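Before any comments, here is the structure.
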Amino acid sequence: MTKENVNIKPTFLNLWPTVFMQLSLPGHESANPVLADLILSKNVEVQNMTENYNEDNIFNMDHPVIFWLQQCIDKAIDDYSKNSGINYTLNWKLQGWGNVNMKGDYHNLHNHPHSWLSGTYYVNVPDQTDAEIFRNDLNPASISFFDPRPQANMNSIKNDKQVDPEYRVLPQSGDLFIWPAFIHHLVHPNMSDAPRLSLSFNVIVEWSDELIPN
């Protein structure tokens, strides 16, 4: 075996990536109290706001804090698309709704059909340290995302990055998460007396024949 053959460098590809974006929005300290009031007042007006999310788009509200949030999300989507290798112009609209999780509330496992991306902005994530918890396997106020490839971890071994099919994170107030809309996720129960407030959204791309892959 020649020295040249020994030094041949392999090529590694990260196939079928799932890009997850997380950032803390600048200015959230002053914006979040205003958003909290809007979400709570809208929750009083609209029955089952979280379940009937298609009935009312919160981004249609004429309010400075909604305009601020939409600008932040649009910038984040642009950064997400560029990171994903999309080097052409995309046009999209946001369809959003508020989430109010009182003590004990949670969201079942689900994904968001008919969208390209989904995301959530966290307005208020109450401290869970003083909550009454009677099981040590609870993850209060956290959100979990799951590998979209069923049983992909069945043959993984120690230190293999595919061993854990779940990504779980406890958001902080001011955090913005964006992920592919097909990813299944769930929200763990809020165990605090204070409400857990967030604003979720779908990114719906305006269709064009130029979007058809080669």
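Working only within the range 52-87, note down all residues that are charged (D, E, K, R), at pLDDT 95 or above and assigned to a loop (DSSP other than H, G, I, E, B).
Asp62
Quick one: how many residues across the range 14-33 are assigned to a helix (DSSP H, G or I) and surrounded by 15 or more Cβ atoms within 10 Å (Cβ to Cβ)?
Qualifying residue count for the region: 3.
Scan the range 163-177 and tell me whether some residue there is in contact with a Gly (Cβ under 9 Å, 6 or more places away or on another chain), in a strand (DSSP E or B) and of a type outside the set (Ser, Thr, Tyr).
Among the residues of the range 163-177, at least one is in contact with a Gly (Cβ under 9 Å, 6 or more places away or on another chain), in a strand (DSSP E or B) and of a type outside the set (Ser, Thr, Tyr), which makes the answer yes.
Inspect all residues belonging to the range 158-166 and state whether any of them is surrounded by 14 or more Cβ atoms within 10 Å (Cβ to Cβ) and in contact with a Phe, Trp or Tyr (Cβ under 9 Å, 6 or more places away or on another chain).
yes
Taking the range 37-47 on its own, how many of its residues are surrounded by fewer than 18 Cβ atoms within 10 Å (Cβ to Cβ) and either in contact with a strand residue (DSSP E or B) (Cβ under 6 Å, 6 or more places away or on another chain) or closer than 25 Å to Arg168 by Cβ (or both)?
Residues flagged as surrounded by fewer than 18 Cβ atoms within 10 Å (Cβ to Cβ) and either in contact with a strand residue (DSSP E or B) (Cβ under 6 Å, 6 or more places away or on another chain) or closer than 25 Å to Arg168 by Cβ (or both) within the range 37-47 amount to 1.
What do you reckon, is Asn214 loosely packed, with under 10 Cβ neighbours inside 10 Å and under 28 Å from Lys93 (Cα atoms)?
Yes; evaluated as a whole, the condition is true for this residue.
Tell me, please, whether a residue that is surrounded by 15 or more Cβ atoms within 10 Å (Cβ to Cβ), under 18 Å from Thr18 (Cα atoms) and touching an Asp or Glu at 6+ places or on another chain (Cβ under 7 Å) can be found in the range 100-113.
No, that holds for no residue.
Residues that are at pLDDT 95 or above and assigned to a strand (DSSP E or B): does the range 123-130 have at least one?
So far as the range 123-130 goes, yes, one or more of its residues are at pLDDT 95 or above and assigned to a strand (DSSP E or B).
The values are calculated or read from the model by the stated rules, or taken from the named source; none is laboratory data. Because the structure is predicted, anything quoted here is derived from the model rather than measured. Because the Cβ atoms are built from the backbone with ideal geometry, glycine has one as well, and the counts that use them run over all protein chains shown.
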